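See below for the structure under consideration.
What follows is calculated from the coordinates using simple rules that are stated; it is not laboratory data. Note that the structure is a prediction, hence the values are computed from the model and not measured. Backbone-built Cβ (ideal geometry, glycine too); neighbour counts: all protein chains shown.
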Amino acid sequence: MFVARNRKHRGFSLIELVIVVVIIGIIAAIAIPRMSRGAAGAGDSALASNLATLRKAIELYAAEHDGAFPTKADIVDQLTKFTDATGKANATKTSEYIFGPYLRSIPMMNAGAHKGKDEVTDTAGKDGGWVYNESTGEIRADADATEADVTGKLYTDY
């Protein structure tokens, strides 16, 4: 009877604990790199999505303004406020300011050295988030020529 009682209260052996620790280590070795790649990929996906949103807003603006693209000086107001036929922006909609707004706000850059910036500049490297060419309506990420995503694609090529 003493032997049966002793077996009920017996704990794990050292071998069993080592096996459990090894299994947890193997699972962590598999899972942690996958999670870190997922975070980097999320920023890259957000960058691509934000660029698509900006490009669609610029295209819609041009379609409603007889092919004229937003101006570099006023692009933020022209995309986030109501505009008239000439592109002049106004905070409220009136009978004259009937177009837009196309965006709630300019999205932030999600990757690279300028991550977290939402400024629109006309030249790369001015510490902005986006580089905009008002003559062509092209907008791209303000990134160095060497900054790339996890697959090796340059942010400037998005």
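Measure nothing but the geometry: give the 0 to 90° angle between the long axis through the Cα atoms of 14-64 and the longest principal axis through the Cα atoms of the chain, rounded to 10°.
It works out to around 10 degrees.
Determine by what factor the alpha-carbon radius of gyration of the stretch 90-158 differs from 2.2 N^0.38 Å, reporting the quotient.
Relative to the 2.2 N^0.38 Å estimate, the stretch 90-158 comes out at 1.35.
Using only helices, what value at 222 nm comes out for the chain when you add -39,500 (n - 2.57) per DSSP H run of length 4 or more and divide by the total residues, to the nearest 500 deg cm²/dmol?
Result for the chain, helices only: -14000 deg cm²/dmol.
Projecting each Cα onto the charge dipole of the chain (Lys/Arg +1, Asp/Glu -1 at the beta carbon, about the Cα centre), which of 14, 113, 123 comes out farthest on the positive side?
Of the options given, the answer is 14.
Going by how many other beta carbons lie within 10 Å of each one, how would you line up 123, 83, 156, fewest first?
Going from sparsest to densest Cβ surroundings: 123, 156, 83.
Going by Cα centres, the stretch 82-158 and the stretch 10-35 are how many Å apart?
Result: 48 Å between the Cα centres.
I'd like to know which of 71, 52, 94 lies farthest towards the positive end of the charge dipole of the stretch 16-158, counting +1 on Cβ of Lys and Arg and -1 on Cβ of Asp and Glu.
Towards the positive end, the residue furthest out is 52.
Please report Rg over Rh for the stretch 38-105, where both radii come from the alpha carbon positions and Rh follows the Kirkwood definition.
1.10
Explain nothing, just the number: dipole magnitude of the chain about its Cα centre with +1 on each Lys and Arg Cβ and -1 on each Asp and Glu Cβ, in debye rounded to the nearest 20.
The dipole magnitude comes to about 1660 debye.
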